[in-house]
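Peer 1: A single structure is presented below for examination.
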Amino acid sequence: MVVTGMKQMWIGGARVNAIGGRTRQVINPTTGAVLATVPEADADDVRAAVGAARQAFDGGEWRRLTHRDRGQILFRVAEGIRGRAAELAETDSRNMGKPIVEAEFDVTDAAHCFEYYGGLATKIHGETLNVPDNAMSIVVREPVGVVGQIIPWNYPLLMAAWKLGPALAAGCTCVLKPAEQTPLSALILAEILSEAGIPAGVVNIVTGDGPVAGAALVEDPRVDKVAFTGGVDTGRLVMAGAARTVKRTTLELGGKNPNIVFADADFEAAVDGALFGAFANQGEVCSAGSRLLVERTIYPRMLDALAAKVTRIRLGDPMDRETKMGPLVTEEHMQKVLDYIDVGRREGHRVITGGGRATAGALRSGFFVEPTIFADVPPGSRIGQEEIFGPVLAAMPFDTEEDAIRIANDTPYGLAGAVWTRDVFRGVRVLQQIRAGILWLNTYHSTYNEAPWGGYKQSGFGRELGPYGLDAYLEMKQININLNEAPLAWY
Ligand code: NAI
Ligand code: MG
């Protein structure tokens with residue numbers, strides 16, 4: 001499979017190098033070796049891409065296509081993804097370090113996402129309002145225009161699908177900037193989009209870093225909307241940059257999500273769910289269950305069970321089907337996660353398992369970190385409050401339902417969370433009190449294209465996926481039709 005080599009980006013339907021001729025090496029985090037080389041876009045490249053998207057939008061070829069034709073093209077995109085599923089999964093696995101089994105799941109999900117929005121494209125409709133006049137007042141939905149889409153490295157293909165699917169269904173044109181660490185699957189997707197019949201200029205993919213290419217996209221006055229997924233600090237910059245030209249903005253910014261286990265929960269299911277919530281995708285997940293709140297009566301038993309079962313999380317080459325955790329995405333990110341482990345230790349918190357870089361055998365050349373669990377973490381401590389975005393779980397006991405709710409809500413974030421209990425009344429009662437956008441009862445991480453994805457508080461605003469995600473790419477227009485044939489004669 002051709003993961004390697006020199007790649008080009010996509011602007012105006014053509015494969016292009018960066019205008020300035022600069023390139024960036026893309027690293028395989030399992031080996032530290034160069035995987036491929038991509039163009040390194042600067043502001044001029046972004047301006048060219050926005051120009052192509054603007055022309056494609058204003059020219060109207062895409063937005064004036066019938067909704068059915070647009071939907072059918074998205075169905076073809078889904079088929080195209082399935083046709084290159086193995087290549088896409090291998091690309092994300094090698095480029096990002098996620099286990100191949102998880103990467104395959106992402107590919108399937110990405111195809112479903114385009115299919116979902118292909119179906120929804122024909123269900124975009126307006127309304128007729130009853131107004132106190134002899135008039136017909138109608139509401140029509142129109143595409144928001146040119147959208148700038150900035151995505152992170154943790155789900156490279158899937159994040160591209162979440163951004164492009166609804167935007168294309170709405171009739172928008174797009175400039176997508178993948179994370180500089182993981183641009184490769186998005187470039188394959190560009191080929192699939194073009195083969196499926198997406199016209200030139202409707203989707204442009206620029207590979208470049210955040211402060212240069214990302215910032216240029218946010219600042220360009222010809223961009224009508226910015227959709228961003230990433231860290232909260234970057235989100236603040238994006239919001240401030242978008243403010244200058246009052247761009248529509250949606251932000252998905254991560255979390256420090258509570259996973260709450262009551263004593264009456266199915267114990268084995270909760271142990272498994274705690275580990276899966278914290279360590280799936282190496283913990284590099286915005287919705288990771290990175291705080292484990294356990295009712296005190298089962299807390300010691302829970303810690304023992306976690307320490308025993310964590311040994312089944314096999315670290316290794318992500319291309320190996322038995323691997324449960326691959327390397328972290330970059331050396332820099334690994335260092336950030338290791339620094340947090342140090343902070344936890346220095347603040348005196350107890351490590352019950354893991355606690356460092358994993359270097360046995362072949363792991364030595366990659367950016368592997370052991371699945372790490374801290375016990376008795378004070379809710380207000382740094383590792384109890386800050387998003388680590390790696391395989392580090394902070395466990396803490398609680399006494400009462402009220403305690404659990406208070407601790408759960410006591411962070412600046414509000415993205416996701418879960419409750420484990422056999423008492424459905426208590427489960428729902430607690431979930432209703434949690435100030436977060438995505439919640440689970442007796443499970444963790446299940447994510448549906450049909451359901452709204454996004455956060456409360458500093459986890460961002462706006463929702464992706466479902467019909468809500470489509471709304472984020474639509475403007476609303478009221479049209480009032482006078483039905484009085486006799487003129488009003490104001491003057
Ligand atoms: P980041 O937020 O800096 O990067 C995400 C995207 O934003 C990338 O495409 C990047 O190129 C772009 N970007 C960076 N600076 C920009 C700027 N000034 N203007 C416009 N775009 C910009 O995330 P990073 O640095 O990779 O990770 C830092 C932390 O952010 C992580 O440790 C984690 O806590 C959090 N994060 C959260 C994610 C989520 O899914 N919500 C995903 C990735 C990171
Ligand atoms: Mg950054």
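The values are calculated or read from the model by the stated rules, or taken from the named source; none is laboratory data. Because the structure is predicted, anything quoted here is derived from the model rather than measured. Here Cβ is always computed from backbone atoms with ideal geometry, including for glycine, and neighbour counts include all displayed protein chains. Areas reflect the complete protein model, heavy atoms only, side chains present, ligands, DNA and RNA absent. Shrake-Rupley method; radii C 1.70, N 1.55, O 1.52, S 1.80 Å.
Peer 1: Looking at (1) within 15 Å of ligand 1 (Cβ to nearest atom); (2) outside any loop (DSSP other than H, G, I, E, B), find the lone condition where Q181 falls short.
Peer 2: The number of the failed condition is (2).
Peer 1: Another one. Taking the stated definitions as given, is Q433 polar (S, T, N, Q) and either within 16 Å of ligand 2 (Cβ to nearest atom) or more than 30 Å from G355 (Cα to Cα) (or both)?
Peer 2: yes
Peer 1: Of the conditions (1) open to solvent by less than 30 Å² (accessible area, probe 1.4 Å); (2) within 21 Å of A278 (Cβ to Cβ), G460 fails just one. Which one is it?
Peer 2: In the conditions (1) open to solvent by less than 30 Å² (accessible area, probe 1.4 Å); (2) within 21 Å of A278 (Cβ to Cβ), G460 misses (2) alone.
Yes/no per residue for (1) more than 17 Å from L189 (Cα to Cα); (2) outside the structural domain of T323 (by TED's automatic domain parsing); (3) assigned to a helix (DSSP H, G or I); (4) touching a residue at least 60 places away in the same chain (Cβ under 8 Å):
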| residue | (1), (2), (3), (4) |
| --- | --- |
| A18 | yes, yes, no, yes |
| A41 | yes, yes, no, yes |
| Q55 | yes, yes, yes, yes |
| D58 | yes, yes, yes, no |
| R63 | yes, yes, no, yes |
| R76 | no, yes, yes, yes |
| A86 | no, yes, yes, yes |
| A111 | no, yes, yes, no |
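Peer 1: While we're on this one: State yes or no: is I151 of a type in the set (V, I, T), under 18 Å from E464 (Cβ atoms) and assigned by TED's automatic domain parsing to the domain that holds A167?
Peer 2: yes
Peer 1: For the stretch 347-382, name all the residues that are crowded, with 23+ Cβ neighbours inside 10 Å and hydrophobic (A, V, I, L, M, F, W, C).
Peer 2: F367, F368, V369, I373, F374, V377, listed by residue number.
Peer 1: Restricting to the stretch 195-249, and then to whatever is acidic (D, E) and either open to solvent by 20 Å² or more (accessible area, probe 1.4 Å) or not assigned by TED's automatic domain parsing to the domain that holds D69 (or both), can you tell me which residue is farthest from ligand 1 (Cβ to nearest atom)?
Peer 2: E195
Peer 1: Among the numbered criteria (1) open to solvent by less than 40 Å² (accessible area, probe 1.4 Å); (2) away from ligand 2 (no atom under 16 Å from the Cβ); (3) under 27 Å from the mean Cα position of the chain (by Cα), which one does F389 miss?
Peer 2: (2)
Peer 1: Let me ask something else. Can you go through F75, F57 and tell me which one is under 15 Å from L168 (Cα atoms) and crowded, with 21+ Cβ neighbours inside 10 Å?
Peer 2: Every option except F57 fails the conditions.
Peer 1: Now for a different question. Which residue, of T229, T249, T234, is more than 16 Å from ligand 2 (Cβ to nearest atom) and among the polar types (S, T, N, Q)?
Peer 2: Within the list T229, T249, T234, the selection yields T249.
Peer 1: Which numbered condition in (1) touching a residue at least 12 places away in the same chain (Cβ under 8 Å); (2) open to solvent by 50 Å² or more (accessible area, probe 1.4 Å); (3) within 16 Å of ligand 2 (Cβ to nearest atom) is the only one that D339 fails?
Peer 2: (1)
Peer 1: Can you confirm whether T31 is among the hydroxyl-bearing types (S, T, Y), out of contact with any strand residue (DSSP E or B) (no Cβ under 9 Å at 6 or more places or on another chain) and within 30 Å of L474 (Cα to Cα)?
Peer 2: no
Peer 1: Which of the helices (runs of 4 or more DSSP H) found entirely inside the stretch 186-303 contain at least 2 residues meeting this: closer than 27 Å to F425 by Cβ?
Peer 2: 267-279
Peer 1: Looking at the stretch 133-144, is at least one residue within 22 Å of the chain's Cα centre (by Cα) and buried (at least 24 other Cβ atoms within 10 Å of the Cβ)?
Peer 2: no
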